[in-house]
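Here is the structure we will look at.
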Amino acid sequence: MDYNSVGAQKSFDVIPDGTIVVVQMNIRRGNAGEGGFLKRSKNGQAEMLDAEFIVVEGDHVKRKFWENMVVDGATDGHREAADITHRRLRAIIESVKGIKPADVSEEAKAKRNVEYAEFDGMRFLCRVGVEPARQLPNGESYRAKNILAEVITPDRTKEWRPIEQQPKPKDSGPGGNTPTPIIKPKWL
């Protein structure tokens, strides 16, 4: 094969801190909690959404980052993390559905009432952050990584815009989506 026509490899550097992008949130299921959407921590004391964020527009399209978003747990730290997650999930709903955070109308309250399944596949504007590289006392090291720093909501009129939502693929239940089978070409 002639590799002269193949492009150069892509950089895996983090997306610059503060960059505003459109992401699609996908939930990687763990078979726990509401509808099997949650994963449990190794020690079983916390439940979380295992979220994958894929940039779907602009210079960083197809780039991904991940977060475990704690929604319940046994310790005070888990409860604090769950509160942060719930605030973030509310902001995602508001961004997707065009609700200003200060809107307390009955219509807005009804739109904010969603199940975890609805987050799977949502597209919204966010500001990306960077968690710096770190070295653990045991010698293990972690590279810098992107994080969801802020969800852009409709009250941010200079930055927010409606994002077109994509139709959701047919769901196969708590194991995730059924992969498309590989079909042999007719010539084989």
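Observations on the structure shown:
- Test: residue in segment 42-54 that is at pLDDT below 95, surrounded by fewer than 13 Cβ atoms within 10 Å (Cβ to Cβ) and within 15 Å of residue 128 (Cα to Cα): no
- Any hit, segment 24-32, residues being touching a Pro at 6+ places or on another chain (Cβ under 9 Å) and of a type in the set (D, E, K, R): yes
- Applying the criterion of being free of Cβ contacts under 8 Å to residues at least 24 places away in the same chain and in contact with a Lys or Arg (Cβ under 6 Å, 6 or more places away or on another chain) to the residues of segment 1-38, the residue that is surrounded by the fewest Cβ atoms within 10 Å (Cβ to Cβ) is 32.
- Residues located in segment 97-128, provided they are within 28 Å of residue 19 (Cα to Cα) and hydroxyl-bearing (Ser, Thr, Tyr): 116
The rows are residues; the columns are (1) surrounded by 15 or more Cβ atoms within 10 Å (Cβ to Cβ); (2) over 20 Å from residue 38 (Cα atoms); (3) among the small types (Gly, Ala, Ser); (4) at pLDDT 95 or above.
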{"position": "56", "(1), (2), (3), (4)": "yes, yes, no, yes"}
{"position": "65", "(1), (2), (3), (4)": "yes, no, no, yes"}
{"position": "69", "(1), (2), (3), (4)": "yes, no, no, yes"}
{"position": "74", "(1), (2), (3), (4)": "no, no, yes, no"}
{"position": "81", "(1), (2), (3), (4)": "yes, no, yes, yes"}
{"position": "90", "(1), (2), (3), (4)": "yes, no, no, yes"}
{"position": "94", "(1), (2), (3), (4)": "yes, yes, no, yes"}
{"position": "102", "(1), (2), (3), (4)": "no, yes, yes, yes"}
{"position": "105", "(1), (2), (3), (4)": "no, yes, yes, yes"}
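- Of the residues 131, 106, 115, the single one that is more than 14 Å from the chain's Cα centre (by Cα), over 24 Å from residue 12 (Cα atoms) and in contact (Cβ under 8 Å) with a residue 12 or more places away in the chain is 115.
- Residues located in segment 82-99, provided they are more than 16 Å from the chain's Cα centre (by Cα) and not acidic (Asp, Glu): 97, 98, 99
The values are calculated or read from the model by the stated rules, or taken from the named source; none is laboratory data. None of these values were measured; they are calculated from a predicted model. Methodologically, a virtual Cβ is constructed for each residue, glycine included, from the backbone with ideal geometry; neighbour enumeration extends over all protein chains shown.
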